[in-house]
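**Student:** Have a look at the structure that comes next, please.
The values are calculated or read from the model by the stated rules, or taken from the named source; none is laboratory data. None of the values given here were measured: they were computed from a predicted structure. Note that each Cβ is placed from the backbone with ideal geometry, even for glycine, and that neighbours are counted across all protein chains shown. Areas reflect the complete protein model, heavy atoms only, side chains present, ligands, DNA and RNA absent. Shrake-Rupley method; radii C 1.70, N 1.55, O 1.52, S 1.80 Å.
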Amino acid sequence: MIRWIRQQLGFDPPHQSDTRTVYIANKFPQHGHYIPQRFADNRIISSKYTIWNFIPKNLFEQFRRIANFYFLIIFLVQVSPDTPTSPITSGLPLFFVITVTAIKQGYEDWLRHKADNEVNGAPVFVVRSGSLVQTRSKNIRVGDIVRVAKDETFPADLVLLSSDRAEGTCHITTASLDGETNLKTHYAVPETAVSQSVSRLESLQAVVECQQPEADLYRFVGRITVTQQGEEIVRPLGSENLLLRGARLKNTKEIFGVAVYTGMESKMALNYKCKSQKRSAVEKSMNTFLIIYLGILLFEAILSTILKYAWQAENKWDEPFYNQKTDQERNSSQILKFISDFLAFLVLYNFIIPISLYVTVELQKFLGSFFIGWDLDLYHEESDQKAQVNTSDLNEELGQVEYVFTDKTGTLTENEMQFRECSINGIKYQEINGKLVPEGMTEDSPDGSVDEKNGEEELFLKAVSLCHTVQISYDQTDGPGDPFSHANGFSPLMEYYASSPDEKALVEATKSCLSARRYKLLHILEFDANRRRMSVILQKPSVVCVCVCVCVCVRVFVSRLQDKVQETIESLRLAGIKVWVLTGDKHETAVSVSLSCGHFHRTMNILELVQQKSDSECAEQLRRLALNEHTFQKANNSLKMIKEDHVIQHGLVVDGASLSLALREHEKLFMEVCKNCSAVLCCRMAPLQKAKVVRLLKTSPEKPITLAIGDGANDVSMIQEAHVGIGRCRIGEDVACNSNAYWYTVCLSSWCIHMFCRANQHFTGTASGEELKDISKNSLLSFKTFLYWTFLGFCHAFVFFFGSYILMGEDTTLMGNGQMFGNWTFGTLVFTVMVITVTLKLALETHFWTWMNHFVTWGSIAFYFIFSLFYGGIIWPFLHTQDMYFVFVQLLSSGSAWFAIIIIIITCLFPDVIKKVFYRHLQPTSTQKSQVSVRLPPQTLEL
């Protein structure tokens with residue numbers, strides 16, 4: 001127990017050496033001085049709280065927020081004796097905010113626990129004590145031999161020991177890890193590949209030595225030592241021998257593997273970059289403004305305390321006849337009295353920071369998140385899935401995004417290739433309805449030449465259909481049978497699995513062009529850089545062996561894009577949002593997809609930072625790129641004078657190795673090049689490199705709002721690093737990105753800006769995005785705007801108080817019976833003027849009126865009057881004093897009071913109205929221009 005606690009606190013890590021030694025089947029050495037290494041269990045923990053730490057940890061996190069901590073201090077001061085206001089005024093709203101937030105976060109964490117329990121409780125089979133036993137996934141230990149069947153996911157990171165194939169190979173898909181649906185082949189070493197039964201595995205004497213866990217999905221270094229007949233055989237291990245957790249076994253009946261990384265030490269889990277809860281720019285700005293107002297509050301409290309003692313310097317005010325001091329008050333410490341008075345003024349003035357603002361913001365975020373889930377454009381009908389909002393803290397960031405970072409495979413593309421055309425002996429052929437048709441001819445040509453194949457065409461189709469590494473799976477639901485016994489020669493239940501989508505597309509294209517024939521595969525000569533081709537050696541009944549090579553031809557494939565990707569990228573570009581594609585694909589493939597999806601366009605000046613070998617070489621290339629951009633910028637300035645539409649844009653291509661060099665010592669120069677590019681493509685990227693690129697932009701001096709979208713475990717770090725993260729669901733595959741990251745799960749290829757615009761359209765009744773320009777880059781949260789509204793608030797407060805004071809001078813009678821107004825009536829008058837003025841000021845700032853706006857605006861004023869009449873018209877037995885009894889009724893019964901209310905409101909709002917009219921005609925905002933364009937007919941606009 002003590003060791004576990006030390007591990008949780010980070011004082012006693014489970015492993016301390018650079019390598020780990022794994023004894024297969026946990027057959028440890030028998031000598032006495034061996035000390036086994038400690039490894040993590042196989043539980044996946046994405047939750048944040050436990051039943052024991054939820055209350056203290058959640059309260060600690062909530063009171064780390066400046067606003068909550070401030071209101072807690074005010075509440076504690078109000079609880080003390082002689083407080084001028086009731087602690088309920090601060091305590092009740094604070095309790096409401098804390099409780100609602102705790103319930104929301106507790107429910108979200110309960111969903112994480114539920115998902116974790118499903119994963120950790122999944123049934124698995126392990127070899128123990130000479131038999132195959134079923135247990136739960138969380139019970140797998142490092143060293144256990146695990147059996148995985150076809151179409152199951154690997155419960156831990158396993159080193160492949162054997163499979164049902166004699167050569168010890170298996171095929172997997174890693175769609176949930178890197179978004180790729182291609183079939184990947186993994187291998188067992190020959191010494192363990194023969195152990196295909198539980199009994200042979202139980203007798204296996206082997207040790208795996210490998211590196212400690214790391215997040216890189218594509219790197220694994222180790223070795224396996226197998227003891228056979230007293231002789232030790234050592235074989236190297238690489239990434240082709242490691243089966244990653246989250247990957248899925250395909251086209252293989254079963255495999256056996258030894259667990260080397262388990263639980264939170266698996267590569268998939270290590271890609272869950274630990275992040276604290278994300279805070280929106282609005283919340284951060286509110287915290288900054290709160291600190292400023294806190295400084296103002298402290299200044300006011302100190303100044304008022306000093307003025308109080310200055311006023312009480314005269315004895316007649318220090319101890320008037322109607323308020324004599326007690327002996328205890330006369331003998332009390334002056335320092336304690338000063339502190340007590342300071343705290344009293346602090347409580348009196350604490351409403352300068354209204355807790356109701358934070359209650360309103362929290363409710364707005366929570367209710368606003370429902371509109372994302374209700375959006376039909378984000379609903380996937382086939383899987384009956386809607387957009388899932390895992391946190392409502394980031395809603396307002398959706399309309400402020402300046403940079404979008406996206407994965408390629410599975411996000412921009414569907415990772416499927418379609419065969420389109422080829423060239424055979426100089427003749428171009430097109431694929432039409434499953435047939436190869438020479439260019440210029442159609443499928444229904446009258447001469448029937450389409451169905452006839454010459455020798456060259458036949459040879460091409462045979463070579464393509466035989467020279468490949470595609471695996472075929474037969475789904476024999478009706479029992480075993482001959483897959484070639486169907487009418488067309490092929491079973492309709494055949495399923496192809498390939499290591500690349502283009503190879504699969506080739507085989508599928510030739511399937512409908514040839515009849516079924518039997519060949520026996522003898523050997524494969526893999527593709528290499530010297531031969532520039534692959535070959536297979538086959539055997540058929542009439543010939544001993546045949547060597548087949550792929551013909552020299554041109555094959556054209558089309559990578560299928562996600563729906564509306566081109567339109568989305570173009571819309572984002574027109575909105576001023578820059579799109580960066582971060583992918584692990586090779587340079588040529590990534591550039592091709594960028595061009596096809598519209599990320600790069602043909603007229604763009606493409607800059608490249610690839611294959612850099614040293615820091616000096618990288619720096620020189622960056623300087624050349626910066627100079628190139630500067631030259632084109634001069635050309636742009638000249639071109640803009642001719643025609644604005646043909647401004648030359650830049651696109652940048654950078655690979656992972658060059659990026660590492662650029663970020664090492666030339667970060668500033670690299671950022672200068674990137675900021676002048678309208679599109680950036682980063683290829684051959686490791687998962688953590690993606691996060692570094694996002695952090696690079698996020699922490700730049702401009703502090704842009706970033707968004708990342710992906711669909712695999714290699715995208716998790718990038719998604720967590722960005723301000724807003726979107727995890728795209730993969731229909732039919734397990735999604736490795738679960739709810740411990742704060743992101744939105746969005747079906748299909750919908751993007752964040754669609755969410756914001758849909759909500760905006762619902763509230764405002766307009767689909768135009770022109771009005772969004774006024775709030776771009778959080779312009780309304782600028783310090784200049786903050787100072788303006790703060791100054792305006794002080795001016796209005798000045799008018800409220802001194803306007804009421806002047807109209808209620810010492811010799812002024814405002815009540816009908818000739819009585820003077822008292823302090824409570826004076827305060828009620830000031831407060832009434834404030835409520836009406838502030839509400840009308842909000843009405844002046846409203847751009848679009850709906851029934852909801854009318855209801856809230858005018859209902860607020862009506863509710864104030866109704867509540868004040870109700871509260872002041874009843875003697876409340878639980879109140880100690882009845883100072884407000886009948887005060888509001890007497891105030892409203894005075895015609896002079898109504899006159900004062902109207903005069904003060906007009907005095908406050910008249911300058912605002914004049915300013916709005918002046919600016920609307922001379923310097924209209926984008927919103928006002930949009931309103932004019934909607935209201936005026938087209939012919940008026942043309943004038």
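**Student:** Which one of the conditions (1) at pLDDT 85 or above; (2) open to solvent by less than 30 Å² (accessible area, probe 1.4 Å) does residue 593 fail to meet, given that it meets all the rest?
**Tutor:** (1)
**Student:** Now for a separate question. Which of the residues spanning segment 654-680 are open to solvent by less than 10 Å² (accessible area, probe 1.4 Å) and farther than 24 Å from residue 701 by Cβ?
**Tutor:** 656
**Student:** Take the residues of segment 77-118 that are among the β-branched types (Val, Ile, Thr) and within 26 Å of residue 340 (Cβ to Cβ): which is most open to solvent (accessible area, probe 1.4 Å)?
**Tutor:** Among those that are among the β-branched types (Val, Ile, Thr) and within 26 Å of residue 340 (Cβ to Cβ), it is 88.
**Student:** Would you check if residue 855 is loosely packed, with under 12 Cβ neighbours inside 10 Å and assigned by the TED database to the domain that holds residue 900?
**Tutor:** Details: loosely packed, with under 12 Cβ neighbours inside 10 Å: yes; assigned by the TED database to the domain that holds residue 900: yes.
Against the criterion (loosely packed, with under 12 Cβ neighbours inside 10 Å and assigned by the TED database to the domain that holds residue 900), residue 855 qualifies.
**Student:** Could you look through segment 121-141, keep only residues that are closer than 12 Å to residue 42 by Cα and among the basic types (Lys, Arg), and pick out the one that is surrounded by the most Cβ atoms within 10 Å (Cβ to Cβ)?
**Tutor:** Of everything passing the filter in segment 121-141, 138 is surrounded by the most Cβ atoms within 10 Å (Cβ to Cβ).
For every residue, the table says whether it meets (1) open to solvent by 20 Å² or more (accessible area, probe 1.4 Å); (2) modelled with pLDDT under 85.
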residue: 649; (1), (2): yes, yes
residue: 687; (1), (2): no, yes
residue: 691; (1), (2): no, no
residue: 705; (1), (2): no, no
residue: 725; (1), (2): no, yes
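**Student:** A further question on this structure: Can you name the residue in segment 368-389 that is in a helix (DSSP H, G or I) and in contact (Cβ under 8 Å) with a residue 60 or more places away in the chain and, of all such residues, is surrounded by the most Cβ atoms within 10 Å (Cβ to Cβ)?
**Tutor:** 372
**Student:** Show me the helices (runs of 4 or more DSSP H) found entirely inside segment 823-924 where at least 1 residues are under 22 Å from residue 86 (Cα atoms).
**Tutor:** Hits in segment 823-924: 823-845, 851-872, 887-892.
**Student:** Separate question: Residue 328 fails exactly one of the following numbered conditions: (1) touching a residue at least 12 places away in the same chain (Cβ under 8 Å); (2) more than 30 Å from residue 57 (Cβ to Cβ); (3) of a type outside the set (Val, Ile, Thr). What is the number of that condition?
**Tutor:** (1)
**Student:** Let me ask something else about it. Within segment 24-44, identify whether any single residue is open to solvent by 70 Å² or more (accessible area, probe 1.4 Å), in contact (Cβ under 8 Å) with a residue 24 or more places away in the chain, touching a helix residue (DSSP H, G or I) at 6+ places or on another chain (Cβ under 8 Å) and closer than 30 Å to residue 354 by Cα, and answer yes or no.
**Tutor:** Looking for residues that are open to solvent by 70 Å² or more (accessible area, probe 1.4 Å), in contact (Cβ under 8 Å) with a residue 24 or more places away in the chain, touching a helix residue (DSSP H, G or I) at 6+ places or on another chain (Cβ under 8 Å) and closer than 30 Å to residue 354 by Cα, one finds none in segment 24-44, hence no.
**Student:** Can I ask one more? Hey, does segment 260-280 have a residue that's among the hydrophobic types (A, V, I, L, M, F, W, C) and in a strand (DSSP E or B)?
**Tutor:** Restricting attention to segment 260-280, the residues satisfying the condition of being among the hydrophobic types (A, V, I, L, M, F, W, C) are 260, 264, 268-270, 274.
Subsequent filtering for residues that are in a strand (DSSP E or B) retains 260.
Yes, the conditions are met somewhere in segment 260-280.
**Student:** State whether one or more residues within segment 218-234 are aliphatic (A, V, I, L, M), more than 29 Å from the chain's Cα centre (by Cα) and in a loop (DSSP other than H, G, I, E, B).
**Tutor:** Yes, segment 218-234 contains at least one residue that is aliphatic (A, V, I, L, M), more than 29 Å from the chain's Cα centre (by Cα) and in a loop (DSSP other than H, G, I, E, B).
**Student:** Do you know which residues across segment 336-353 are free of Cβ contacts under 8 Å to residues at least 40 places away in the same chain and open to solvent by less than 60 Å² (accessible area, probe 1.4 Å)?
**Tutor:** Answer for segment 336-353, where residues must be free of Cβ contacts under 8 Å to residues at least 40 places away in the same chain and open to solvent by less than 60 Å² (accessible area, probe 1.4 Å): 337, 341.
**Student:** Run down 392, 333, 356 and say which single residue is in contact with a Gly (Cβ under 8 Å, 6 or more places away or on another chain) and either open to solvent by less than 50 Å² (accessible area, probe 1.4 Å) or of a type outside the set (A, V, I, L, M) (or both).
**Tutor:** 392
**Student:** Can I ask one more? Can we say residue 240 is outside any loop (DSSP other than H, G, I, E, B), open to solvent by 70 Å² or more (accessible area, probe 1.4 Å) and within 22 Å of residue 155 (Cβ to Cβ)?
**Tutor:** Yes.
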